[in-house]
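The values are calculated or read from the model by the stated rules, or taken from the named source; none is laboratory data. Every value quoted in this text rests on a predicted model; they were computed, and no experiment measured them. Cβ atoms come from the backbone with ideal geometry, glycine included; neighbour counts cover every protein chain shown. Areas reflect the complete protein model, heavy atoms only, side chains present, ligands, DNA and RNA absent. Shrake-Rupley method; radii C 1.70, N 1.55, O 1.52, S 1.80 Å.
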Amino acid sequence: MMIEAVWAGLAILADPFHMGMLLLGVAIGLLLGVLPGIGGLVGFALMLPFVYGLGVAGAIAVLIGMVAVTVTGDTVTSILLAIPGGAGSVATVIDGHPMARKGEASRALSAAFVGSAIGGVLGAVILAASMPIALPLIRHLGSPEFFMFCMLGISMVSVLSGSSPLKGLISAGIGLMLGSVGLAPGSAVARFDLGILYLYQGIPIILVALGFFGVAECIDLMMSGTPIAEAMSLGKGTLMGIKDVFREMPLVLRATAIGTYIGFVPGLGTGVASWLAYGHAVQSAKDKSGFGHGDVRGVIAPETANNAERGGALIPTLAFGVPGSTTMALFMMALLMFGIYPGPDMMTKHMDLVWVIIWSLAIANVLGALVCLLLTKPLARISLIPIHILAPFVLMILILGAFQATQHWGDLIVLLLLGIVGWTMKQLGFPRPPLVVAFVLGPISESYLFLSMQRWGAAFLLRPWVVGIGLVALASLIMGIRWQMRKK
Amino acid sequence: MTLKIITISFTSLIAIIAALYLWEGWSLPVVPGVFPRVAGVFTLILCLLLLVRDVRRLISGRTVDAETGTRMDIQSDHDMSVWATYKSALANFAWIPIIYIAILVLGFHIAMIVFFVMYLTARARVRWFPILGLVVLMAGFLLYFDTLLHAWWPEGLIERWVKLPWL
């Protein structure tokens, strides 16, 4: 019955109309992904009113096609301009932009696109393989385990601090403080809002990404007055990037696994997946000296993981009707419009549609990567444009992207303030990645902690999976600190 | 020396903010207050440790060891003195509030045109014809945002008083 559903799903998607919808979704997804602050969520919101007339398979094709590749399109501005296209591509900036500055933009872009495609396709495969075992697995996982997953993510700050562990941990502390602004999870108490209504909802993640990285890097480039790259290095182009991915295939597979299983945990998202993959790439590398200076592994790992995360996020959405993110919640809304109820009902009565989703995810990732690969060389040339010609466009994109967060002047003011802090931190050697990780994971872990304490009290810490994941998190933290101490 | 003083000042500022954060965190009820208390204590202690380390180095006149090993962030490579770097940064950051004031008064569309012309003339020293081309490119980009994405724009005072054709 499963085999029949696999081929039935492919047959439905192979219909020219549905394939056309998939192509449309991929095109929209790539265009949206390139624009910072505008990603899959905005795309969903734009497309939802129109999908009802497409039929359920057509709607699935266009929506999944779009959401699968926004994280691929995100990469372009991350690498070329150091402007993260979204939360999932902030980690790519750390090594991707230095590669562009060394004239290796083509290599970085092609490595990112091919890594994204493989991660996305394998993520779809893992999604497919996980379906039979997902239900018994999810019975063992609850808020205590998800809390410990967050602690595992936070333990990565010891690795992401690089050679400045004290400054790195202070950055993480700043991230935790920023992340707790707004309404406290689990209670109606407003914290640290300074009496300003704008801060009631907290600081949007996109402002943290655009401010700390986008504005800070833009200002540095404007100060230098030189193009992003002085010249394009010969022999360092598209083909080399593709070879890099196949040479680093073990890392690609591990990053895929990280991305998929992070996607499985509700609320974590592409940002966490990409940072965990990046941290793992550093931890597992024998020669770590290149990271932060333009190491292609620092591009491959996060880009693979953030595409794989999409497949992972679909597991709880389809299997249990639990959306892992706002984007998945909108996707569920689209399915409900057609009378399809995600969860056990869908898994028994509409297995063919589940396979339409899986096939759409896999094919969209391949198509998205192919389109992007064709555009790699022309895109890479952006890095040669004099910065004073490019800077007004970059600033305009930053301001536009920031304003889409809540359409409030507060977005622009926060963007400037975070940009100033981010630039200052960069000059003084306070690494920014731990801040971003702590900012994202702090509120999420607090939510899970609240739920765990409400349900189990402190006894939640004794659950077997919690202990297991906790030991892994502790080992990761200790190994990271020991590695730094050995360097000194 | 200057860089050390700036680092100490920045760390002190973070320590003060962490202390205020902790103070407010203690005044919250238990449930919403747990995380702020932990984060505040954590950050304050680390800031104090860093301050002690840096102040001791400043007093002893020890130069800060060059940081070897992996740096997990993009590096700055300005060939300028510390004061020149910060002065240049201030001059470049100043463009952003100028854009904001222009948006406030003129609205986003006109502000962008004015900003493009000002910046390309003053910094890029580009002639009028290429400026016109770049402004048209920018306008095309904004049109794409408008028609396809229905993006939100910050509204200006002039846009509130005068009905402009594209609104």
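If each Cα of the stretch A:177-223 is one equal point scatterer, what is log10 of I(q)/I(0) from the Debye formula at q = 0.15, 0.18 Å⁻¹?
Computed log10 I(q)/I(0) values: -0.48, -0.61.
First check a/c for chain A, with a ≥ b ≥ c the square roots of the eigenvalues of its C-alpha gyration tensor; if it is under 1.5, answer rounded, and if not, answer prolate when a/b is larger than b/c or oblate otherwise.
rounded
How many partner chain Cβ atoms sit within 10 Å of a residue's Cβ in peptide A:141-152, on average, as a whole number?
The shielding value for this peptide is 0.
To two decimal places, what compactness ratio does the stretch A:400-464 give when its Cα radius of gyration is scaled by 2.2 N^0.38 Å?
Output field value: 1.64.
Answer rounded, prolate or oblate for the stretch A:53-182, using the Cα gyration tensor with square roots of eigenvalues a ≥ b ≥ c: rounded when a/c is under 1.5, else prolate when a/b is larger than b/c, else oblate.
Values: a/c = 2.00, a/b = 1.14, b/c = 1.75.
Taking the square roots of the gyration eigenvalues as a ≥ b ≥ c, the stretch A:53-182 is oblate.
Mind checking which of A:Pro84, B:Ala139, A:Phe44 is farthest towards the positive end of the protein assembly as shown's charge dipole, using Cβ charges of +1 (Lys, Arg) and -1 (Asp, Glu) about the Cα centre?
It is A:Pro84.
To the nearest 0.05, what FRET efficiency results for B:Val30 and B:Ile59 with a Förster distance of 45 Å applied to their C-beta separation?
0.60
How large is the helix-only mean residue ellipticity at 222 nm for chain A, computed as the sum of -39500 (n - 2.57) over DSSP H runs with n ≥ 4, divided by its residue count, in deg cm²/dmol to the nearest 500?
Values: 23 runs with 361 residues, N = 488.
Calculated at 222 nm, the ellipticity per residue is -24500 deg cm²/dmol.
Which whole number gives the average count of other chain Cβ atoms within 10 Å of the Cβ atoms across peptide B:23-31?
Shielding by partners across B:23-31 averages 3.
Let me confirm one metric for peptide A:211-222, namely the mean number of other chain beta-carbon atoms within 10 Å of its residues' beta-carbons.
That average works out to 3.
Between B:Leu51 and A:Asp345, what's the calculated FRET efficiency when r is the beta-carbon distance and R0 is 51 Å? Round to 0.05.
Calculated value: 0.30.
Can you flag which of A:Lys102/A:Lys286; A:Lys288/A:Lys377; A:Lys243/A:Lys349 are past 32 Å Cα-Cα?
A:Lys243/A:Lys349
Around B:Ser27, what is the net charge, scoring Lys/Arg as +1 and Asp/Glu as -1 over all other residues with Cβ under 15 Å from its Cβ? Write out the running numbers ahead of the final one.
Details: positive: A:Arg191, B:Arg37; negative: A:Asp193, B:Glu24.
Residues near B:Ser27 contribute 0 overall.
Need one number: nm distance between label points at A:Met479 and B:Glu155, each 7 Å from Cα along Cα→Cβ, rounded to one decimal.
5.5 nm
Taking R0 as 22 Å, what FRET efficiency do you get between A:Gln407 and B:Ile113 from their Cβ-Cβ distance, rounded to the nearest 0.05? Kindly include the intermediate steps, with their values, before the conclusion.
Working: r = 22 Å, r/R0 = 0.98.
Given R0 = 22 Å and the Cβ-Cβ separation, E is 0.55.
So if I take the centroid of the Cα atoms in the stretch A:380-443 and the same for the stretch A:354-378, what is the distance between those two points in Å?
Centre-to-centre distance over Cα atoms comes out at 28 Å.
At 20 angstrom or more along the helix axis (alpha-carbon based) and mean Kyte-Doolittle of 1.0 or higher, what helices does chain A contain? Whole DSSP H runs only.
Helices meeting the criterion: A:16-34, A:55-81, A:105-138, A:165-179, A:249-264, A:351-374, A:387-403, A:409-428.
Based on the mean of other Cβ atoms within 10 Å per residue, sort peptides A:207-215, A:65-73 so the most packed one is first.
The peptides rank, most packed first, as A:65-73, A:207-215.
All other residues with a Cβ under 14 Å from the Cβ of A:Thr327 taken together, and with Lys, Arg as +1 and Asp, Glu as -1, what is their net charge?
Cβ neighbours under 14 Å give a net charge of -1.
What's the extension gain from A:Leu375 to A:Met249 if we count 0.36 nm per residue and subtract their Cα-Cα distance?
43.0 nm
Go through A:Asp411, A:Asp352 and list them by solvent-accessible area, largest first, probe radius 1.4 Å.
Order by accessible area, largest first: A:Asp352, A:Asp411.
If you average the alpha carbon positions of the stretch B:1-46 and of the stretch A:233-285, how far apart do those two centres end up, in angstrom?
34 Å
Please give me the summed charge of the neighbours of A:Ser274: other residues whose Cβ is under 9 Å from its Cβ, Lys and Arg +1, Asp and Glu -1.
-2
I need the shape label for the stretch A:183-313. Rule: rounded when a/c is under 1.5, else prolate if a/b > b/c, else oblate, with a, b, c from the alpha carbon gyration tensor.
It comes out oblate by the Cα gyration axes.
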